1. Hey, among the residues in the range 242-263 that are away from the ligand (no atom under 16 Å from the Cβ) and assigned to a strand (DSSP E or B), which one's surrounded by the fewest Cβ atoms within 10 Å (Cβ to Cβ)?
2. As an exercise: evaluate Ile229 against (1) among the aliphatic types (A, V, I, L, M); (2) open to solvent by 10 Å² or more (accessible area, probe 1.4 Å); (3) closer than 17 Å to Asn155 by Cα and give the number of the one condition it does not meet.
3. Select from the range 128-146 the residues that are open to solvent by 20 Å² or more (accessible area, probe 1.4 Å) and closer than 19 Å to Val85 by Cβ and list them in ascending order.
4. Given (1) modelled with pLDDT of 95 or more; (2) over 30 Å from Asn212 (Cβ atoms), identify the lone condition not met by Leu320.
5. Say we look at the range 66-87 and pick out the residues that are charged (D, E, K, R) and within 21 Å of Arg43 (Cβ to Cβ); which of these is surrounded by the most Cβ atoms within 10 Å (Cβ to Cβ)?
6. Would the range 264-275 turn up any residue that is touching a Gly at 6+ places or on another chain (Cβ under 9 Å), more than 16 Å from the ligand (Cβ to nearest atom), assigned to a helix (DSSP H, G or I) and in contact (Cβ under 8 Å) with a residue 12 or more places away in the chain?
7. Is one or more of the residues making up the range 307-316 of a type in the set (Ser, Thr, Tyr), surrounded by fewer than 17 Cβ atoms within 10 Å (Cβ to Cβ) and more than 22 Å from Leu118 (Cα to Cα)?
8. Limited to the range 75-100, what total is found for residues that are among the hydrophobic types (A, V, I, L, M, F, W, C) and assigned to a loop (DSSP other than H, G, I, E, B)?
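The values are calculated or read from the model by the stated rules, or taken from the named source; none is laboratory data. Keep in mind that what you see is a predicted model, and the values were worked out from it rather than measured. Here Cβ is always computed from backbone atoms with ideal geometry, including for glycine, and neighbour counts include all displayed protein chains. Accessible surface areas use protein heavy atoms only, side chains included; no ligands, DNA or RNA. Shrake-Rupley method; radii C 1.70, N 1.55, O 1.52, S 1.80 Å.
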Amino acid sequence: MKLLKMCLVVVSLVVLMAVSNVAFSADKLVVGFSQIGAESGWRSAETKVTYQEADKRGVELKFSDAQQKQENQIKAIRAFVAQEVDAIFLAPVVETGWTTVLKEAKEAGIPVFLLDRLIEDKDVDLYTSAIVSDQVLEGRLAAEWLAEATGGKANIVELQGTVGASVTNNRKKGFEEVVAQHPDMKIIHSQSGDFTRSKGKEVMESFIKAENGGKNITAMYAHNDDMAIGAIQAIKEAGLIPGKDILVVSIDGVPDIFKAMADGEANATVELTPNMAGPALDALIKFKADGVAPPKVIQTETKVYLPDTAQAEYDRRKELY
Ligand code: GZL
């Protein structure tokens, strides 16, 4: 009899452990993150911060690097659907081409959160929330700084981000809106550098070549700091002084642009936080807990930084990136 009781106790304990384990594992959220790639310092920082934010919240992250290819992002999303993740985070490399695959995620009952870029308005019902900055404002602030710095008189060359990306269209739109208010500010060249340092340098070299060795260029506006850093190299190799002969304004706020500003080679940057995942995870956890949909857009902060705080900002940020 005693042996029977002992067996019953052991069996109950085993069952209890199994149930609690299932309950525990069921509590651990699993998020599939389709990341664009590692094209810039900012993008790599976003990935690093996403892992940190997921760890803080006990969320399991399944990560996919698309190497800037939309077809790889689409494959990753399908894989996440097949793995029945609790949610999908997507940084969409371009605005269009998502309808079919996001419908598959929706039909599977998996909420999609967009990070740092948007998709076309017609698909607005295919994602739960977008965590993005005000990218039009970023372009406006860059142009307002430049108008102030040049007294509203400048021949500007523009290094655009990835063709077809929402952020490229928005940063261009904001910048042009302000330039249009100043008859003596002109964008004399504008071309994509695809958000990379190497392409930014290459395109800037072509602008310099087309404009009398760069002597006709007053300022360079880059949609991100990495292209600006590549352009700075091209300006120096042309025998000109970046930050002086050609003013440099860009967006992101990565450590190396603060280093360039501290060295007098860049003039202004508009900060973009790499922490899009924190607000996204908080919205997801709340959504899972109470079923209340988060706002369609969760907007992150924007701030302009100038050389006066550059060294301190560089010292502070170099650990974070
Ligand atoms: C902007 C983000 C951009 C960064 C670049 O939200 O999508 O992509 O500004 C990155 O550095 O390549």
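1. Step by step, filter the range 242-263, then rank; the result is Leu247.
2. (3) is the only condition that Ile229 fails.
3. Thr128
4. (1)
5. Lys75
6. No, that holds for no residue.
7. Yes, some residue in the range 307-316 is of a type in the set (Ser, Thr, Tyr), surrounded by fewer than 17 Cβ atoms within 10 Å (Cβ to Cβ) and more than 22 Å from Leu118 (Cα to Cα).
8. 5
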